[in-house]
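Nothing in this text is a laboratory measurement; each read-out follows from the coordinates by a stated rule. Quick caveat, the model's predicted, so the values are computed rather than measured. Glycine also receives a Cβ, built like all others from the backbone with ideal geometry; neighbour counts cover every protein chain displayed.
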Amino acid sequence: MFDLLKARLTHGYQAIPDPLKVAIHPSFPGLAVILGANEEDFDQAEQLCPTKAIGKFSLDMGKCCFCGECSRRFPDTFVFKPDYRMASSSREGLIIKWDKESQTCTKPVVEANAKLRKHFRRSFALRNVSAAGCNACELELGACSNVNFDMGRYGIEVLASPRHADALILTGPVSANMAFALQQTWEAIPEPKALILCGSCAISGGVFAGSEALNREWLNTMQPALFIPGCPAHPLSILHGIMSLLGRQK
Amino acid sequence: MDTNVLNKNPFLILKQPGLMEIADFYTAIRQLSALGYFPLFYFGTSGGELLCGMAKPELPLELLRTAFPDNRQYPSLSTDIPAFHIFERELYEEHGIEAVGHPWLKPLRYPAGAKAQMDDYPFFSSESSALHEVGVGPVHAGVIEPGHFRIICHGETVEHLEIQLGYQHRGVCKLLADGDIRTKMQLAEAIAGDTAIGHGLAYCMAVEALCGVQVSPAIQTVRSIALELERIGMHLADLSALAGDIAYLSGQNFFAALRTTVINSSLAICGSRFGKRWLKPGGVNYGISAEQNKVLRNTLKIAEEQIDNCTKALFADAGVLNRFDSTGSLSLKMVQELNMSGITAKACGYAVDARKDFPIREYADFQPLIQNSGDVYARAKLRNVEIKQSLEMIYFMLSTLPDTKAEDSTVLSAPGADIMAVSVVEGWRGRIVHVIKTAADGSTEQYKVYDPSLHNWFGLALAVRNEGISDFPLCNKSFDLSYCGADL
């Protein structure tokens with residue numbers, strides 16, 4: 001009994017006071033920013049990029065595995081800011097593009113979804129399907145509910161039954177062997193419902209894109225409400241994305 | 001064997017041994033097995049050959065090679081050496097080579113294009129009206145990887161568990177073998193995201209051997225620190241989950257918070273809580289500066305104090321002991337026979353650990369820790385003492401580590417042609433083996449990845465027999481095996 005009390009006392013208060021505004025360590029590679037349209041840098045980075053996320057003159061965060069190779073080699077062109085506000089409500093929005101006129105790059109935006117806000121503003125239940133996820137996104141999604149990030153404080157929870165869920169949050173590139181189970185789980189969730197893609201694998205296949213063992217056919221016919229990039233997606237990115245989708249975060 | 005062989009971990013095979021007659025091949029395997037060797041790998045190549053690597057701690061790797069048997073049949077090794085049972089299932093699925101007499105030669109992964117379909121899985125079943133079956137998954141109740149469990153119960157008691165794999169199959173080995181082997185770091189890290197360092201390091205070591213490169217001692221130390229840090233982080237995650245499974249919620253929260261502290265210190269160095277992007281073939285992307293060294297040591301020292309407080313409370317709680325003690329037991333004989341490793345094996349008193357058996361520099365004096373009861377308690381307690389052991393190792397390594405930078409890494413030349421490299425790493429789950437074989441033009445002919453889970457899954461199936469079905473989640477968590485680690 002005294003051992004437990006001692007552990008509880010030294011444990012202290014672990015919750016991050018405001019996970020939507022907290023600063024993250026400067027070494028975190030988050031929001032991608034393009035600093036200029038140096039053709040040579042782009043040419044070489046295009047060759048270098050393991051997930052073919054770089055084009056002229058853009059960087060697709062939905063494909064990016066955040067290995068940081070481009071930013072280490074060409075720091076004057078590519079930067080990953082320590083900013084976890086990376087999610088987007090459109091696939092297109094994840095593609096960071098250089099704008100010649102304004103000499104700046106685009107930024108992903110999560111538009112609040114009026115329908116989801118109306119139904120789920122105060123209570124939002126997620127059902128996760130891991131479809132060939134490497135267990136990194138899964139662990140980060142699990143961490144959202146832990147004592148530090150404590151997603152439950154906002155009324156957002158991950159639960160077991162699709163029948164009780166309001167959204168399906170997908171992790172992993174969708175293996176052929178999981179395609180059917182994924183679709184079935186989606187169908188088991190009552191309307192209204194939303195599909196959230198968590199991590200670069202779910203969004204684009206990530207480092208597994210192009211493997212013949214994947215089957216993204218069904219997924220490609222869907223219209224996800226939210227795209228959360230990362231390899232894996234950071235719990236703060238997940239929280240910020242979902243809260244923005246529900247219109248609870250500007 | 002050729003004298004040019006680099007016969008320490010990673011192993012480099014410059015000249016392959018000659019093709020043996022098929023009968024001699026199997027006789028040799030049986031003889032080595034009788035001498036205490038265990039199989040590191042056994043697979044068929046695209047060139048129609050069977051390759052088997054037999055290992056014994058502190059002895060050279062024995063590589064055996066033969067052509068595919070004429071009628072694609074041979075008498076099964078599993079009947080007398082059960083360690084081969086999973087290799088033979090894989091061989092059957094990938095090349096249609098039948099191990100005659102294998103107790104149950106069913107598919108393993110159901111890869112794309114295979115004849116066998118997931119829906120036709122040949123489950124063991126019983127006609128008895130006294131028994132019922134419980135199916136769980138592939139979509140589980142928690143946030144975890146998919147897999148299917150079919151449990152045959154007599155009342156509340158588990159008679160038999162069958163684990164259907166294949167849902168996580170992404171064709172990893174094929175992707176790894178496609179293109180320049182030096183550019184596969186990100187893929188290697190995603191073999192199992194919770195073991196990004198373990199599999200990443202195994203990949204780096206094998207590729208460096210192929211390219212004839214040795215990294216500097218300081219770089220090697222940074223990598224070993226990363227490996228031990230990953231072990232501490234995941235052991236804490238497991239202690240948290242074990243506590244959660246028995247509704248010991250204080251423990252669940254204590255250990256989860258401690259894990260956050262530990263993995264955030266990995267983020268502070270390389271930007272990833274999982275150690276992704278830290279390593280690269282030839283070295284590291286991020287070194288440890290003198291300042292980071294100090295911060296890491298202080299963070300871990302503070303965490304250690306709290307780990308001690310929390311584990312003391314956990315293992316003093318009668319309710320916890322009641323659930324952990326004598327639940328899901330395995331015997332020493334089982335884990336030895338079935339080639340298990342890691343927590344699963346060491347919790348049964350089997351002192352198998354790649355850090356001792358296939359040591360690299362940092363682990364010269366390493367002695368594996370064991371527990372003997374083989375139950376959930378042993379697996380939990382072992383995680384506790386391994387955390388302490390890894391912390392001690394990290395403190396020591398940090399104390400000797402000079403200020404290191406990414407620039408201390410080595411540039412890789414092209415891999416050698418027609419050679420083979422084998423690397424062995426003790427990840428937090430157990431023994432990870434990577435095998436790379438290059439073709440005559442230096443391209444990758446074959447890449448094989450072995451996660452300890454490949455062997456250890458069967459341990460779970462054995463451990464739950466005669467347990468209450470309500471203890472299944474607890475048993476499962478105490479093993480915490482990976483599906484994707486072996487691309488299952």
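General observations
- Note on A:153-161: average number of Cβ atoms from other chains within 10 Å of each residue's Cβ is 1.
- Residue of A:SER130, A:SER211, A:SER237 that the Gaussian network model of chain A assigns the largest fluctuation, springs spanning Cα pairs under 10 Å: A:SER211
- Rg then Dmax, both in Å and based on the Cα atoms of the stretch B:6-100: 12.8, 37.
- Those GluC sites (Glu not before Pro) in the stretch B:57-140 that DSSP places in a loop and that have at most 10 other beta carbons within 10 Å: B:GLU58, B:GLU127
- Here the sum of -39500 (n - 2.57) over DSSP H runs of 4 or more residues, divided by the residues of the protein assembly as shown, equals -11000 deg cm²/dmol at 222 nm, to the nearest 500.
- Sparsely packed trypsin sites (Lys or Arg not before Pro) within the stretch A:114-194, loop by DSSP, other Cβ within 10 Å at most 12: A:ARG122
- For the set B:LYS8/B:LYS280; B:LYS280/B:LYS301; A:LYS21/B:LYS280; A:LYS21/A:LYS118, the pairs lying more than 26 angstrom apart at their alpha carbons are B:LYS280/B:LYS301; A:LYS21/B:LYS280.
- Near the amide H of A:THR104, within less than 5 Å, lie the amide hydrogens of A:ASP99, all on another chain or at least 5 residues away, with H placed in the peptide plane.
- 3J(HN,Hα) from dihedral phi, the stretch A:87-102, Karplus parametrisation 6.51/-1.76/1.60, rounded to Hz, x for glycine, proline: 6, 8, 8, 10, 4, 4, x, 6, 8, 7, 10, 7, 9, 5, 5, 7
- Spacing of the modelled spin labels on A:HIS164 and B:SER125, each 7 Å from Cα toward Cβ, amounts to 3.1 nm.
- For the stretch A:1-113, the Kirkwood hydrodynamic radius from C-alpha pairs, put into Stokes-Einstein at 10 °C and a viscosity of 1.306 mPa s, yields a diffusion coefficient of 99 µm² per second.
- Greater than 32 Å apart at Cα, pairs in B:LYS333/B:LYS448; A:LYS63/B:LYS356; B:LYS312/B:LYS405; B:LYS356/B:LYS437; A:LYS193/B:LYS184: A:LYS63/B:LYS356; B:LYS312/B:LYS405; A:LYS193/B:LYS184
- Evaluating 6.51 cos²θ - 1.76 cosθ + 1.60 at θ = phi - 60° for every residue in the stretch B:151-163, the Karplus couplings come out as 10, 9, 10, 10, x, 8, 8, 7, 8, 7, 10, 10, 10 Hz, glycine and proline recorded as x.
- Binning the alpha carbon pair distances of the stretch B:296-398 at 10 angstrom intervals from zero yields the distribution 15, 38, 34, 13, 0, expressed in whole percent.
- Of the GluC sites (Glu not before Pro) found in the stretch B:136-242, those that fall in a DSSP loop while having at most 15 other beta-carbon atoms within 10 Å are B:GLU156.
- Kirkwood Rh and Cα Rg combined as Rg/Rh, the stretch B:62-104: 0.95
- Each principal axis of the Cα atoms in the protein assembly as shown has its own extent, and those three values, largest first, are 72, 65, 53 angstrom.
- For A:144-151, mean number of other protein chain Cβ atoms within 10 Å: 4
- R0 of 41 Å, Cβ-Cβ distance A:ARG72-B:ASP418: FRET efficiency to nearest 0.05: 0.80
- Of A:GLU157, A:GLU212, A:GLU46, the residue with the greatest mean-square motion in the GNM of chain A, using alpha carbon springs below 10 Å, is A:GLU212.
- Segment A:ARG8-A:LYS52, length gained on full extension (0.36 nm per residue, minus Cα span): 11.1 nm
- Of all DSSP beta bridges in the protein assembly as shown, antiparallel share, percent nearest 5: 75 percent
- Between the beta carbons of B:THR410 and A:MET222, assuming R0 = 35 Å, the FRET efficiency works out to 0.15 to the nearest 0.05.
- For the protein assembly as shown, a simple Cβ point-charge model (Lys and Arg +1, Asp and Glu -1, everything else neutral) yields a dipole of about 1980 debye relative to the Cα centre.
- Averaged over the residues of peptide B:268-278, the number of Cβ atoms from other protein chains lying within 10 Å of each residue's Cβ is 6.
- Counting DSSP beta bridges with both ends in chain A, the antiparallel % (nearest 5): 45 percent
- Derived scalar couplings between HN and Hα for the stretch B:471-488 equal 8, 4, x, 5, 4, 4, 5, 5, 8, 6, 8, 10, 7, 6, x, 10, 6, 8 Hz in order, rounded to whole Hz, by the Karplus curve 6.51 cos²θ - 1.76 cosθ + 1.60 (θ = phi - 60°), x for Gly and Pro.
- Under the convention that each Lys and Arg Cβ holds +1 and each Asp and Glu Cβ holds -1, the size of the dipole of the stretch B:172-486 around its Cα centre is about 160 debye.
- Spherically averaged projected area in nm², based on the convex hull that wraps the Cα atoms of chain B: 22.0 nm²
- Across chain B, C-alpha contacts under 8 Å between residues 6 or more apart give a mean separation that, scaled by the residue count, equals a relative contact order of 19 percent.
- Cα-derived Rg over Rh, computed across the stretch A:114-245 with Rh taken as Kirkwood radius: 0.94
- Each Lys and Arg contributes +1 and each Asp and Glu -1, all at the Cβ; summed about the Cα centre of the stretch B:153-301, the dipole is approximately 780 debye.
- Amide H contacts under 5 Å for A:LEU214, placed H, 5+ residues apart: A:ALA176
- The stretch B:367-467 shape via C-alpha gyration tensor axes, a/c threshold 1.5: oblate
- Of A:CYS65, A:CYS201, A:CYS49, the one that fluctuates the most in a GNM where chain A has Cα springs shorter than 10 Å: A:CYS49
- B:HIS148 long-range amide H proximity, modeled H, under 5 Å: B:GLN164
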